[in-house]
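Enquirer: I have a structure I would like to understand better, so I am pasting it below and will then ask my questions one at a time.
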Amino acid sequence: MSHTSPPARLGFLYPGYAAEDDYPLMGTMVEPPAQVTLIHTEFLEDAHTVEALSEMGSIGRLSKGAEALAGSQIESVLWTSTSASFVLGLDGISKQIDALEKILCVPASTTAMAFARAIKAIDAETVAIAATYPEDVAQRFRQFLNHFDIGVVHHASRGIVTAAEVGTLGKEDVINFALENTRQDADVLLIPDTALHSAAWLTDLEKATGKPVLTANQVSFWEALRLCGKLTSQSGLGRLFEEVP
């Protein structure tokens, strides 16, 4: 992409506070730098439970966030919660996307859908999952991937209940968690929580594991660029950004 191309204007709806600083950081890491507008959405309870996540991802919550984004001249919008998307199933995800597109009149997606597309984009067929969630929520992610004929050869759940706690994990923690859950027979390692910092460590994660690694905030940013037609080959953001067709 030439430097004369206008920067992408990307909108993100992010529940609460945990690792939202990954988004402006990735905005500076891409070339040309992207304009990032991020709105914090509200919820009743910060908990990785199906009930709390369903409320967090409800159309009412998303609509309120989208209305706060209206008028910001964004070119695409992402609902950046993996779990408060996949727990609602494919039908729930479709409703989330429809609601956002109706309010903002730009292409929309969710982090869960971004994972499904990113896995296909790098031609991966088998995955290992390093999930910070409790086991029942991690299982829902596995079931979600089954809809796309993605083979899960391993999954681990770290059992962390709150996004706030996940957001405190540092580089060493994240790399060790990735290493523990990398598998030879998996084409790619998935780290599915947007509450987990990863943007600054994508190169380190892939170097440590020897595999492509897809993290929630990385695939969300990739999907936002893809939706508005501004996705180009980049270095420093993992294999996913290098293999743009």
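The values are calculated or read from the model by the stated rules, or taken from the named source; none is laboratory data. Predicted model only: the values in this text are computed from it and were never measured. All Cβ positions, glycine included, derive from the backbone under ideal geometry; neighbour counts span all protein chains shown. Heads up: the accessible areas ignore ligands, DNA and RNA and are worked out on the full protein's heavy atoms, side chains in. Shrake-Rupley method; radii C 1.70, N 1.55, O 1.52, S 1.80 Å.
Enquirer: For the chain, report the accessible area per residue in Å² (1.4 Å probe, heavy atoms, rounded to an integer).
Expert: Using a 1.4 Å probe on heavy atoms only, each residue of the chain averages 40 Å².
Enquirer: Another question, if that's okay. Ignoring ligands, DNA and RNA, what percent of the 1.4 Å accessible area of the chain is carbon and sulfur?
Expert: Reported share for carbon and sulfur atoms: 50 percent.
Enquirer: Using 0.36 nm per residue of separation minus the Cα-Cα distance, give me the extension gain between Glu67 and Ser235 in nm, one decimal.
Expert: Going from the current span to full extension adds 57.1 nm.
Enquirer: Which sequence of Glu172, Glu223 reflects their accessible areas, 1.4 Å probe, from the largest down?
Expert: Glu172, Glu223
Enquirer: Can you tell me how the stretch 84-125 classifies by the Cα gyration tensor, rounded, prolate or oblate, using a/c under 1.5 as the rounded cut?
Expert: It comes out oblate by the Cα gyration axes.
Enquirer: While we're on this one: So what is the relative contact order of the stretch 66-223, in percent, for Cα pairs below 8 Å that sit 6 or more residues apart?
Expert: After rounding, I find 26 percent.
Enquirer: Moving on. Per the helix-only calculation at 222 nm, which mean residue ellipticity applies to the chain, given -39500 (n - 2.57) for every DSSP H run of n ≥ 4 and division by its residues, nearest 500 deg cm²/dmol?
Expert: Result for the chain, helices only: -12500 deg cm²/dmol.
Enquirer: Step through the residues of the stretch 129-136 one at a time and calculate ³J(HN,Hα) from phi using the Karplus curve (6.51 cos²θ - 1.76 cosθ + 1.60, θ = phi - 60°), rounding each to whole Hz and writing x for Gly and Pro.
Expert: Once rounded to whole Hz, the list reads 10, 10, 9, 7, 5, x, 4, 5.
Enquirer: Round to a whole angstrom and tell me the spacing of the C-alpha centers of the stretch 123-190 and the stretch 22-100.
Expert: With the stretch 123-190 and the stretch 22-100 each reduced to a Cα centre, they are spaced 20 Å.
Enquirer: Please report the accessible area of Cys228 (heavy atoms, 1.4 Å probe, ligands and nucleic acids excluded) in Å², nearest 10.
Expert: 30 Å²
Enquirer: Determine the sum of side-chain charges near Thr215: Lys and Arg each +1, Asp and Glu each -1, restricted to other residues whose C-beta is under 9 angstrom from that of Thr215.
Expert: Neighbourhood net charge equals -2.
Enquirer: If I model the stretch 47-164 as equal point scatterers sitting on the Cα atoms and use the Debye formula, what is log10 I(q)/I(0) at q = 0.11, 0.18 Å⁻¹?
Expert: Calculated log10 I(q)/I(0) at the listed q: -0.38, -0.94.
Enquirer: Here's something else I'd like to know. Rank these residues by their accessible area, most exposed first, probe 1.4 Å: Glu51, Glu45.
Expert: Per-residue accessible area, sorted high to low, gives Glu51, Glu45.
Enquirer: Using only the Cα atoms of the stretch 183-224, build the gyration tensor, take square roots of its eigenvalues as a ≥ b ≥ c, and label the shape rounded, prolate or oblate: rounded if a/c is under 1.5, else prolate if a/b is larger than b/c, else oblate.
Expert: Verdict is prolate for the stretch 183-224.
Enquirer: Further, regarding this structure: Ranked from the most accessible area to the least, with a 1.4 Å probe and all protein chains present, what is the order of Ser85, Ser5?
Expert: From most exposed to least exposed: Ser5, Ser85.
Enquirer: Related question: Rounded, prolate or oblate, given the Cα gyration tensor of the stretch 91-245, with a/c below 1.5 counting as rounded?
Expert: Note, shape of the stretch 91-245 comes out rounded.
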